[in-house]
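**Q** Handing you this structure, nothing more for now.
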Amino acid sequence: VVVVQNASVLDLKKALRRHIQLRQARQGGVQHLSWKYIWRTYHLTYAGEKLADDRKKLREYGIRNRDEVSFIKKLRK
């Protein structure tokens, strides 16, 4: 997924959403995903740190070119 150099976590989430929707449309998979459910159920993480603040820049988390972020399931409270 490609985002601008000074992107925020919210920009990354939007780019992930666009990428997955395009891929699903090309492959003929599920047409609708509930992103509200996904963001409520999963965290984006990088190097074991949750990307919790949507306004924070990716650079502040130490994310650079070609780094990988992953989804991790939120624990129940």
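**Q** Over the chain, average the accessible area per residue using a 1.4 Å probe and give it in Å², no decimals.
**A** 83 Å²
**Q** In addition: If you place +1 on the Cβ of every Lys and Arg, -1 on the Cβ of every Asp and Glu, and leave all else neutral, what size is the dipole of the chain about its Cα centre, to the nearest 20 Debye? Display every interim value, and only then the final one.
**A** Values: 19 positive and 7 negative charges, 61 e Å.
For this selection, approximately 300 debye.
**Q** Below 8 Å, C-alpha to C-alpha, sequence gap of six or more: please give me the relative contact order for the chain in percent.
**A** 36 percent
**Q** Which one of 34, 70, 10 is farthest out on the positive end of the charge dipole of segment 9-73, using unit charges on Cβ (Lys, Arg +1; Asp, Glu -1) and the Cα centre as origin?
**A** Among 34, 70, 10, the one farthest towards the positive end of the dipole of segment 9-73 is 34.
**Q** Rounded to whole Hz and in sequence order, give me ³J(HN,Hα) for segment 35-51 from the Karplus expression 6.51 cos²θ - 1.76 cosθ + 1.60, θ = phi - 60°, writing x for Gly and Pro.
**A** Whole-Hz 3J(HN,Hα) from phi for segment 35-51: 5, 4, 5, 4, 6, 7, 9, 10, 9, 8, 10, 9, 6, x, 10, 6, 8.
**Q** Hey, what angle do you get for helix 9-27 against the long axis of the chain, alpha-carbon based, 0 to 90 degrees rounded to 10?
**A** The angle comes out near 30 degrees.
**Q** Just to be sure I follow the rule: in the chain, considering lysines 8 or more places apart or on different chains, how many pairs have Cα atoms under 15 Å apart?
**A** Counting lysine pairs in the chain gives 11.
**Q** Can you tell me which of 40, 59, 17 moves the most in a GNM of the chain? Springs connect C-alpha atoms under 10 Å apart.
**A** Of 40, 59, 17, the most mobile in the Gaussian network model is 40.
**Q** Still on this structure: Between residue 52 and residue 76, what is the FRET efficiency for a Förster distance of 25 Å, r being their Cβ-Cβ separation, to the nearest 0.05?
**A** Values: r = 17 Å, r/R0 = 0.68.
For residue 52 and residue 76, the calculated efficiency is 0.90.
**Q** Now for a different question. Starting from the Cα coordinates of segment 9-73, work out the convex hull volume and express it per residue in Å³.
**A** 93 Å³
**Q** If each residue of separation counts as 0.36 nm, what is the full-extension length gain between residue 27 and residue 40 once their alpha-carbon separation is subtracted?
**A** Residue separation times 0.36 nm, minus the Cα-Cα distance, leaves 2.1 nm.
The values are calculated or read from the model by the stated rules, or taken from the named source; none is laboratory data. Note that the structure is predicted; figures quoted are calculated from it, not measured. In this analysis, Cβ positions are derived from the backbone assuming ideal geometry, glycine residues included, and neighbour counts consider all displayed protein chains. In case anyone asks, the SASA skips ligands and DNA or RNA and just uses the protein heavy atoms, side chains included. Shrake-Rupley method; radii C 1.70, N 1.55, O 1.52, S 1.80 Å.
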